[in-house]
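The values are calculated or read from the model by the stated rules, or taken from the named source; none is laboratory data. This one's a predicted model, so the numbers in the text were calculated from it and none came from an experiment. Here the Cβ positions follow ideal geometry from the backbone for every residue, glycine too, while neighbour counts run over all protein chains shown.
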Amino acid sequence: MWIRNCWYVVAWDHEIPSADAPTLFRRVVLGEPLLIYRSQQGDVVALEDRCCHRHAPLSAGRREGDCIRCGYHGLLFDRGGVCIEVPGADKVPAKACVRRYPAVLHNKWVMVWMGDPDAADPALLPDNFSCDHPDWRYLPGYLHYDTPWALIADNLLDFSHLSYVHEATLGGSERIAHVRPAVERIERGVRVSRRVPGVPPPAYYRPLWDFSGPIDRWLDYTFTLPATLLMHSGARPAGAPEDEGGDGIRFHSCQALTPETATSTHYFFQESHPSDKGDAGTTQSIFDGLMAAFGEDRDMISAQWRNLGLGSEFPMLSLAMDAALTQFRRVLQAASEVEARRDVAARSSG
Amino acid sequence: MWIRNCWYVVAWDHEIPSADAPTLFRRVVLGEPLLIYRSQQGDVVALEDRCCHRHAPLSAGRREGDCIRCGYHGLLFDRGGVCIEVPGADKVPAKACVRRYPAVLHNKWVMVWMGDPDAADPALLPDNFSCDHPDWRYLPGYLHYDTPWALIADNLLDFSHLSYVHEATLGGSERIAHVRPAVERIERGVRVSRRVPGVPPPAYYRPLWDFSGPIDRWLDYTFTLPATLLMHSGARPAGAPEDEGGDGIRFHSCQALTPETATSTHYFFQESHPSDKGDAGTTQSIFDGLMAAFGEDRDMISAQWRNLGLGSEFPMLSLAMDAALTQFRRVLQAASEVEARRDVAARSSG
Amino acid sequence: MWIRNCWYVVAWDHEIPSADAPTLFRRVVLGEPLLIYRSQQGDVVALEDRCCHRHAPLSAGRREGDCIRCGYHGLLFDRGGVCIEVPGADKVPAKACVRRYPAVLHNKWVMVWMGDPDAADPALLPDNFSCDHPDWRYLPGYLHYDTPWALIADNLLDFSHLSYVHEATLGGSERIAHVRPAVERIERGVRVSRRVPGVPPPAYYRPLWDFSGPIDRWLDYTFTLPATLLMHSGARPAGAPEDEGGDGIRFHSCQALTPETATSTHYFFQESHPSDKGDAGTTQSIFDGLMAAFGEDRDMISAQWRNLGLGSEFPMLSLAMDAALTQFRRVLQAASEVEARRDVAARSSG
């Protein structure tokens, strides 16, 4: 299950070739093939990557200015997806076009609106500010999952797994699982806050800060539709006051899940540190730690998915720690029902 | 969709081991496993490659003269597919046999009639003369496709793709796509003729002939059931008279598609040049060019097939350039309906 | 089709890590994921390898004494499969448990009862004595099949295939297929006895015994539910008296098939020789010969399975040599019907 009337991250800015590069960028999103390219003015264009003629991918063709020529039989499409030339034909049929998707470049994320283009709402773009802000530094991360996106969302909605999956990386203490986070329903999602006092610093922190003793950790994030995590987190010497400018370490992390198909997922992520703390080595160390830890998640979730493939006579057992994921699933269900009603209304008025 | 009452190319002559070789040749055709071997008299035999006992492939067994012994439990079959020995049993059950298919060696192509054996008609063998004629020289080509055969047939029925898929190999000019070919319905298929005046020679021609200027190209082929392309083609200096014996370059090409399964295909092909023009290097150069170009086709058709796998809310859009493939699909549809009626009649009289 | 109320071999003893090893052993059996481990007392424990919370495999977690902690969110299960701790929760829900399977270590085979635990019957354990007896020596064998278990059972129930599949290894003579074995229906299976007089020794025997002339071979085995072969076999100089203590060669072999899924199988096997005949080289030579021969079986059965995947308009043809496999299939069918009636009765009384 997924919703369509929302922005999905489909790529990092740097993944899209420049306007004069010889290659075209394809990515499958919600089971639909997208061609994403940069116009000569520098904005991004997202078209259905499937020629209306024989369904060949346009990404196997070539650019001609801001137009795309299909590499199979040469149909030429403008940046609006309208076919403007059929080789050997005097006229272009009115139906000759491919779907155009609203697309914007937003703080280094290429965002595509997969639903009704008229409903595309810039106010719904996520506040991933630290992806493009001089006060913050990071390296962009991407992982591909051969599992449904919802299993990864479940993982992100319950950080008690840090104690077990990431024992040797991001976690470092069972205390993370032992404290109960505050979970709050917000517009289009949930807010989760976890305070973990007096724990040893995890391996992930050690290259970044010279903690001489135990630390107080804090992890505050929102997880909103379609599947975006925005998190402030950090740590200070145990018992130090909750002052963000104070001593210690802090991060801002932006993460997004985008279904590729019903059983595979794109995962975009970063974790930024303040530009005035640390150097390029710090940035690399954070990235390396994240990749190692997110590999641990992928191993676990892939194993979970293999188990699910075997079937079970018993459903999953819901526990108190599932509060946030249960709430988010309700948010998703409600949004999905709104979409379904909207589709019915559109058909009856159409 | 495919028809059964016709000859399919199942192998090149050289692929079938000699009668005294220790190996047996298996190929799956129309979803059925075939064992193909050479009798001691030199003709080819095609049997169902599936023992009637436990369905093991006979090709995993061994020859005994012109008989085949199953390698699992030792049943012995004669060249007509009749079981003539069951080890340890005094009698052979009357039902113990495997299917025998009419098979002939025809101009280096091993042809098998996949339908009613009584209907096998030598008059329907294709005129692939240049596969076995002293006036012509070629090297035999084979490619395996993981796509349905019909997508490859579509490709061969519209050469406008030469301008785009084969821009750097067989094509070399958008003019090929811009001219309208003559398409004519013939017995069991279509005839397509394309004249392309005043174009630069494609890369494929350059090692073969020293063209000092633009050329006039001609491509004349039939495409007939089940899926056989027979083509005369060539080029002469632009403006030279249409005299086949004259200056320039000419080819004869024989190509055939044989469904392996509903989603995979055998592709047999060659392009011959006159024996009195060029040497072994010429033959090799043509083969290399063809393999490179047919690899381009396979890349494109495989990408098209992946897109089709994603599904689309829109059907393919038919264009003027699809005239030949539309006509051929009608020929196929009509032949398929004839077969269906014939099957119904056979059952009701049987 | 398989039955559940019986013991399945799920591993060789040596496959299960020791109680202080850092790894956990997972194996899928009858489509169910099992975690198998050794308690600190040395007995074996088999639990459902799927946490009741989010269905992650417990084998991706860790041991804590004889308990297992899930590596995803930290639930702790005791050796009975009961969850005894949920991190961050004061109480453990009553439903929080995973399935426990009766498991025993029996002559180096780890046996698991896959059906109703209350019905687990030690009297049904197979008499695989030579797997753990000072008078016998062997090396343990395992092969994984990507085919249904029943095709391998069929193979083991008809040794006429030794003449053809194993011509160059275990067989060596068509006479094996030509003699008719005695087939007797026994409790839960069949007994098959084959006497092959006056044949050359097969390649497999040659490193083991210096036969100067032809031999008389004997192969006596039972094949019982679920899929266990226990065999005495051997050979003596042709015409020598049937005296087990006499001159010649003899073996005891224990083999078991365990369905992994509907289309894949675990195959456990050994062939023991008397400890007082031969040395370590003998044991290795027997193992190597068996692996070579059982690879031949797997090749044939995998090819048969590929053929079955293509479908056929004809069923398999039953022959006299299929007597044992036909009888065993009836035994299996009857046992399966007993289980089905038992399940119905359990549901109506439950």
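A few points about this structure:
- Qualifying positions in the range C:236-258 - at pLDDT 95 or above and either outside the structural domain of C:ARG194 (by TED's automatic domain parsing) or hydrophobic (A, V, I, L, M, F, W, C) (or both): C:PHE251, C:CYS254, C:ALA256, C:LEU257
- Selection within the range B:1-24 - surrounded by fewer than 18 Cβ atoms within 10 Å (Cβ to Cβ) and among the small types (Gly, Ala, Ser): B:SER18, B:ALA19, B:ALA21
- On the stretch given as the range A:62-95, residues that are touching a residue at least 40 places away in the same chain (Cβ under 8 Å) and facing another protein chain (nearest Cβ under 7 Å) total 1.
- Residues of the range A:222-239 that are touching a residue at least 24 places away in the same chain (Cβ under 8 Å), in a strand (DSSP E or B) and of a type in the set (Gly, Ala, Ser): A:ALA235 alone.
- Exactly one residue among C:LEU317, C:LEU308 is assigned to a loop (DSSP other than H, G, I, E, B), within 14 Å of chain B (Cβ to nearest Cβ) and at pLDDT 95 or above, and that residue is C:LEU317.
- Residue in the range A:169-188 that is touching a strand residue (DSSP E or B) at 6+ places or on another chain (Cβ under 6 Å), closer than 22 Å to A:LEU30 by Cα and not in a strand (DSSP E or B) present: yes
- Selection status of A:ILE36, closer than 26 Å to A:CYS131 by Cα and of a type in the set (Val, Ile, Thr): yes
- Of the numbered criteria (1) within 27 Å of B:ARG194 (Cα to Cα); (2) of a type outside the set (A, V, I, L, M, F, W, C); (3) touching a His at 6+ places or on another chain (Cβ under 9 Å); (4) surrounded by fewer than 19 Cβ atoms within 10 Å (Cβ to Cβ), the one B:GLN333 fails is (3).
- Of the residues making up the range B:20-54, those that are of a type outside the set (Val, Ile, Thr) and under 23 Å from the mean Cα position of the chain (by Cα) number 18.
- Apart from one condition, A:ILE215 fits all of (1) surrounded by 22 or more Cβ atoms within 10 Å (Cβ to Cβ); (2) closer than 30 Å to A:HIS106 by Cα; the exception is (2).
- Evaluated against (1) out of contact with any strand residue (DSSP E or B) (no Cβ under 7 Å at 6 or more places or on another chain); (2) surrounded by 17 or more Cβ atoms within 10 Å (Cβ to Cβ); (3) more than 9 Å from every other protein chain (Cβ to nearest Cβ), A:GLN284 falls short on exactly one condition, (2).
- For the range B:29-61, a residue qualifies if it is more than 14 Å from every other protein chain (Cβ to nearest Cβ) and in contact with a Lys or Arg (Cβ under 8 Å, 6 or more places away or on another chain), and the qualifying residues are B:ILE36, B:TYR37, B:SER39, B:VAL44, B:VAL45, B:ALA46.
- Of all residues in the range A:108-153 being within 14 Å of chain C (Cβ to nearest Cβ) and in a loop (DSSP other than H, G, I, E, B), the one that is surrounded by the fewest Cβ atoms within 10 Å (Cβ to Cβ): A:THR147
- Single unsatisfied condition, B:ALA345 versus (1) within 13 Å of chain A (Cβ to nearest Cβ); (2) out of contact with any Asp or Glu (no Cβ under 9 Å at 6 or more places or on another chain): (1)
- Residue match in the range B:282-294 (condition: modelled with pLDDT of 95 or more and either not in a helix (DSSP H, G or I) or not assigned by TED's automatic domain parsing to the domain that holds B:PHE159 (or both)): no
- Among the conditions (1) away from chain A (no Cβ under 14 Å); (2) of a type in the set (D, E, K, R); (3) within 27 Å of C:PRO259 (Cα to Cα), C:ARG99 misses just one, which is (1).
- Any hit, the range A:332-348, residues being assigned to a helix (DSSP H, G or I) and touching a Ser or Thr at 6+ places or on another chain (Cβ under 8 Å): no
- Of all residues making up the range B:51-108, the number that are within 22 Å of C:ARG306 (Cβ to Cβ) and among the charged types (D, E, K, R): 6
- Those residues of the range A:202-221 which are part of a loop (DSSP other than H, G, I, E, B) and within 23 Å of A:ARG180 (Cα to Cα), in sequence order: A:PRO202, A:PRO214
One line per residue, one yes/no per condition, for (1) at pLDDT 95 or above; (2) under 22 Å from the mean Cα position of the chain (by Cα):
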position	(1), (2)
B:PHE129	yes, yes
B:LEU139	yes, yes
B:ALA150	yes, yes
B:VAL165	yes, yes
B:VAL179	yes, no
B:LEU208	no, no
B:SER212	no, no
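- Test for C:GLN270: is it touching a Leu at 6+ places or on another chain (Cβ under 9 Å) and within 11 Å of chain B (Cβ to nearest Cβ): no
- The range B:163-177 - residue that is at the interface with another protein chain (Cβ under 10 Å from one of its Cβ atoms) and touching a residue at least 12 places away in the same chain (Cβ under 8 Å) and, of those, nearest to A:PRO87 (Cα to Cα): B:ALA177
- Looking only at the range A:154-192, residues that are surrounded by fewer than 23 Cβ atoms within 10 Å (Cβ to Cβ), closer than 23 Å to A:SER302 by Cα and β-branched (Val, Ile, Thr) come to 1 in all.
- Those strands (runs of 3 or more DSSP E) lying entirely in the range B:9-50 with at least 1 residues hydroxyl-bearing (Ser, Thr, Tyr): B:32-38
- Every residue from the range A:44-77 that is under 25 Å from A:LYS108 (Cα atoms) and among the acidic types (Asp, Glu): A:GLU48, A:ASP49, A:ASP66
- The residue that is nearest to A:GLY278 (Cα to Cα), counting only those in the range A:247-263 that are in a strand (DSSP E or B) and not hydrophobic (A, V, I, L, M, F, W, C), is A:ARG250.
- Listed by first and then second residue, the pairs with beta-carbon distance under 7 Å, at least 6 apart or on different chains, first residue in the range B:25-36 and in contact (Cβ under 8 Å) with a residue 40 or more places away in the chain, second of a type in the set (S, T, N, Q) and surrounded by 22 or more Cβ atoms within 10 Å (Cβ to Cβ), are B:VAL29/B:THR258.
- Condition broken by C:PRO93, with the remaining ones in (1) assigned to a loop (DSSP other than H, G, I, E, B); (2) within 30 Å of C:TRP136 (Cα to Cα) satisfied: (2)
- Residue check, C:ASP247 buried (at least 20 other Cβ atoms within 10 Å of the Cβ) and acidic (Asp, Glu): no
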